[in-house]
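Enquirer: My questions will all concern the structure given below.
The values are calculated or read from the model by the stated rules, or taken from the named source; none is laboratory data. All values reported here derive from a predicted model rather than from experimental measurement. For neighbour counting, all protein chains shown are included, and Cβ atoms are generated from backbone atoms with ideal geometry for every residue, glycine included.
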Amino acid sequence: MESVAIPKGFIDLEAHILLSDDGLHALAKSKTPIRRLSSHNGQQRPGLCSQAFNAATVQKMIMNSYIQEIYYSAPEFLSKRPQIISTTNLVIYAILYKMLSPTLAHKVIESPVLREFNRRNPKNAITDFRSIPQKVVDDFMQKNKAILDRIEHEMIDAVLNRITTDGKLSEEDKIVRMRSLEKFVRWVDKRIWYLYLVIYQTPLRQEIEQSYVELFFRYLDYTQIAVHTGNLVMEFIQNAEKAHLERIIVQNHLAPRDKADLFLRNRENRQKVVAIAERSGQKLEIAWLFHVDRISTGKAYNVKILISNYGLISETTRNQLAKKMKTDTSGIALADFYEDSGDSGKLGAGLGLLYNSYLEDVCREKGIRYFCTIFPEPKLEKTTVTVDLTF
């Protein structure tokens with residue numbers, strides 16, 4: 001069977017994009033075909049599914065709270081490593097983009113210029129950027145496109161200068177931030193620039209510009225959360241797949257448990273095990289779950305990543321994982337994570353699980369609530385890992 005070429009900008013993952021109530025309402029007005037699809041817990045929900053999905057479209061839908069869950073299951077995952085990492089990055093960045101616009105808006109709304117505007121125009125006071133009619137913004141953007149393009153370019157240049165002159169950042173960190181910068185600026189809600197231009201034309205321009213530069217710089221600092229979350233997810237997936245395939249090998253008497261690793265190193269043997277998993281419906285699962293926010297102030301943006309596999313870990317292995325996951329990472333460089341001098345254990349739980357402790361430390365520093373749990377389900381003979389981030 002000839003493989004279908006995946007268009008640029010699409011992620012080659014046949015995932016179930018399950019809609020929230022808001023998403024269903026928004027898409028019901030379009031001609032987009034909506035299907036009943038299974039979620040991670042087996043429930044049927046309205047959603048979208050195709051061989052690949054448009055990354056930018058799905059990211060925008062997450063930002064608009066149109067998606068409740070992205071769910072993918074397959075007999076093996078490692079062949080989809082780049083796609084799973086890309087989806088995880090897409091999800092984390094969507095939450096960051098979603099947080100950025102209200103934060104920038106708050107800076108403008110709390111400025112003396114906007115407070116004076118609201119005092120003089122109580123009936124048309126701007127207290128939330130979402131209250132600005134879209135038609136007003138569209139007309140404004142059309143008339144002021146040239147100056148708004150210039151403002152975006154000025155902002156990008158100013159943040160670039162802030163990044164390149166920061167002596168505390170490594171060259172690698174600078175490159176990651178510079179690559180992400182333009183998209184961060186482009187994804188800002190246009191209503192923010194509508195507000196920004198009010199101050200841009202006053203003596204407070206330099207002050208508000210500096211505030212925006214610092215906010216962009218701070219949000220770019222969060223990009224490491226996406227990088228480390230993607231790496232941690234792949235560590236857990238590697239562990240889950242190993243336990244999953246090992247269970248099938250032992251159940252089908254293909255090799256003794258202590259020879260399972262050696263058995264899987266043979267390509268034909270691996271294909272045989274994956275085929276059995278497919279026929280018997282034993283699949284690995286990953287789900288990205290979103291908290292649908294309906295509160296106008298004090299928002300908390302939550303994403304959970306669930307990774308499930310058939311096969312239970314022993315109490316001994318669970319304790320070893322818990323100990324490794326709680327390792328103090330103080331003074332440990334990122335490069336140290338790639339060197340494993342210890343016993344990797346049955347699940348392949350090597351030093352890479354220190355990503356969890358590293359991520360925990362970074363999230364604490366950034367004020368992000370982070371939990372990671374391993375939950376065995378003996379009745380189903382399954383194990384589920386949950387990575388829980390609240391921004």
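Enquirer: Does segment 261-290 hold any residues that are in a helix (DSSP H, G or I) and either of a type in the set (S, T, N, Q) or not assigned by TED's automatic domain parsing to the domain that holds Thr384 (or both), and which are they?
Expert: Asn269, Gln271, Ser280
Enquirer: A follow-up question, please. Say whether the condition of being in contact with a helix residue (DSSP H, G or I) (Cβ under 8 Å, 6 or more places away or on another chain) and within 19 Å of Tyr97 (Cα to Cα) is met by at least one residue in segment 113-129.
Expert: yes
Here is a yes/no grid of residues against (1) surrounded by fewer than 20 Cβ atoms within 10 Å (Cβ to Cβ); (2) in a helix (DSSP H, G or I); (3) not assigned by TED's automatic domain parsing to the domain that holds Ala277:
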site: His25; (1), (2), (3): yes, yes, no
site: Gly47; (1), (2), (3): no, no, no
site: Ile70; (1), (2), (3): no, no, no
site: Thr88; (1), (2), (3): no, yes, no
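Enquirer: In this structure, does Glu209 turn out to be farther than 22 Å from Gly311 by Cα, touching a Phe, Trp or Tyr at 6+ places or on another chain (Cβ under 9 Å) and either not small (Gly, Ala, Ser) or not assigned by TED's automatic domain parsing to the domain that holds Glu152 (or both)?
Expert: Working: farther than 22 Å from Gly311 by Cα: yes; touching a Phe, Trp or Tyr at 6+ places or on another chain (Cβ under 9 Å): yes; either not small (Gly, Ala, Ser) or not assigned by TED's automatic domain parsing to the domain that holds Glu152 (or both): yes.
Yes.
Enquirer: Would a scan of segment 123-130 turn up a residue that is among the aliphatic types (A, V, I, L, M), assigned by TED's automatic domain parsing to the domain that holds Trp187 and without any contact (Cβ under 8 Å) to a residue 12 or more places away in the chain?
Expert: Yes - at least one qualifying residue is present in segment 123-130.
Enquirer: Hey, another quick one. Looking at segment 170-260, what helices (runs of 4 or more DSSP H) fall wholly within it and have at least 2 residues that are touching a strand residue (DSSP E or B) at 6+ places or on another chain (Cβ under 9 Å)?
Expert: In segment 170-260, the matching helices (runs of 4 or more DSSP H) lie at 223-251.
Enquirer: Might you check whether a residue that is assigned to a helix (DSSP H, G or I), small (Gly, Ala, Ser), closer than 18 Å to Glu14 by Cα and over 15 Å from the mean Cα position of the chain (by Cα) occurs anywhere in segment 99-109?
Expert: no
Enquirer: Looking at Leu18 and the list (1) out of contact with any helix residue (DSSP H, G or I) (no Cβ under 9 Å at 6 or more places or on another chain); (2) without any contact (Cβ under 8 Å) to a residue 40 or more places away in the chain; (3) part of a strand (DSSP E or B), which single condition is not satisfied?
Expert: Just one mismatch for Leu18, condition (2).
Enquirer: Can Gln43 be described as without any contact (Cβ under 8 Å) to a residue 60 or more places away in the chain and within 22 Å of Asn302 (Cα to Cα)? Don't jump to the end; show me each part of the working.
Expert: Working: without any contact (Cβ under 8 Å) to a residue 60 or more places away in the chain: yes; within 22 Å of Asn302 (Cα to Cα): yes.
Yes; evaluated as a whole, the condition is true for this residue.
Enquirer: Kindly indicate whether Val274 is modelled with pLDDT of 95 or more and not charged (D, E, K, R).
Expert: The answer is yes for Val274.
Enquirer: Might you let me know whether segment 29-36 holds any residue that is of a type in the set (S, T, N, Q) and at pLDDT 95 or above?
Expert: There is no residue in segment 29-36 that is of a type in the set (S, T, N, Q) and at pLDDT 95 or above.
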